[in-house]
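Participant: Take a look at the following structure, please.
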Amino acid sequence: MILLQAQTAVDSVATAATSAPGISLFDLLLKGGWVMIPLLIMFFLTLFIIFERWLAINSNGKLEESFIDNMKDFVQQGNIKSAESLCRNQRSAAGRIFEKAVGRIGYSIKDIESTIENASHIEISRMESNLSYLGVIAGIAPMLGFVGTISGIINIFYSISQSNDFDISTIASGMYEKMVTSGAGLIVGLIAYMGYHLLNMKIDRIALKLQSGAFDFIDVLQKPITSRS
């Protein structure tokens, strides 16, 4: 008898599963409730920041070896005007940094190094602008998703306490609808987290190239200064 009842229960569950209608992704997201609105805003804001910062970092982070070599040649020849013009035409972080450095030629090496360091900090800060928003979204989105889920669960059990109708199908349907917010929050947070760290890694690589170029530039300046003494 017990085995028969168990088999009947399994058959009924299987029948319900096969006959259950499918649901589209859009309809599923709508079932998440009001929490999906801020999560959706965060999602599009995350994509916008990642795309905008990626283009900006690629544009400002260009540092061609020919640029460093040509600038060193102009400096060694004493052609400071051409070196400044070359830097100005780069329209990149490296161009702006070395334009300021070339403009300080004639001052002490320590003063030029300080100029390069300060200019580099400014340019790196420009590249990192708005990245902090990705860090905030990466932390807030999952928590906001959990808040939506907990809020939905509270509403489910409140309705049960008012109606005294403890139906497992009602609880199950309400649970999966409210857990949509947790899934959405985790996805948005994951995208923001990945974007934040990938863009920071890209900036770190650019900073390393700028530092290498600065060392080459200072090394060139040491020669004429040494020959004059």
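Participant: Could you tell me what percent of the accessible area of region 87-139 is made up of carbon and sulfur, with a 1.4 Å probe and every protein chain present?
Facilitator: Working: 1330 of 2820 Å².
C and S fraction of accessible area: 47 percent.
Participant: Please state the shape class of region 52-127: rounded when a/c is under 1.5, otherwise prolate if a/b exceeds b/c and oblate if not, all from the C-alpha gyration tensor.
Facilitator: Details: a/c = 2.71, a/b = 1.43, b/c = 1.90.
Oblate shape, in that a/c is at least 1.5 and b/c is the bigger or equal ratio.
Participant: Which pairs break 24 Å Cα to Cα here: Lys110/Lys209; Lys72/Lys202; Lys62/Lys110?
Facilitator: Beyond 24 Å: Lys72/Lys202; Lys62/Lys110.
Participant: Counting only heavy atoms of protein chains, what accessible area per residue, in Å², does region 72-143 have with a probe of 1.4 Å?
Facilitator: Ligands and nucleic acids excluded, the figure is 55 Å² per residue.
Participant: Please say if region 104-155 is rounded, prolate or oblate, where rounded means a/c under 1.5 for a ≥ b ≥ c the square roots of the C-alpha gyration tensor eigenvalues, and otherwise the choice is prolate for a/b larger than b/c and oblate otherwise?
Facilitator: Details: a/c = 12.18, a/b = 7.36, b/c = 1.65.
Because a/c hits 1.5 or more and a/b exceeds b/c, region 104-155 counts as prolate.
The values are calculated or read from the model by the stated rules, or taken from the named source; none is laboratory data. The model shown is predicted, which means the values in this text are computed figures rather than measured ones. Heads up: the accessible areas ignore ligands, DNA and RNA and are worked out on the full protein's heavy atoms, side chains in. Shrake-Rupley method; radii C 1.70, N 1.55, O 1.52, S 1.80 Å.
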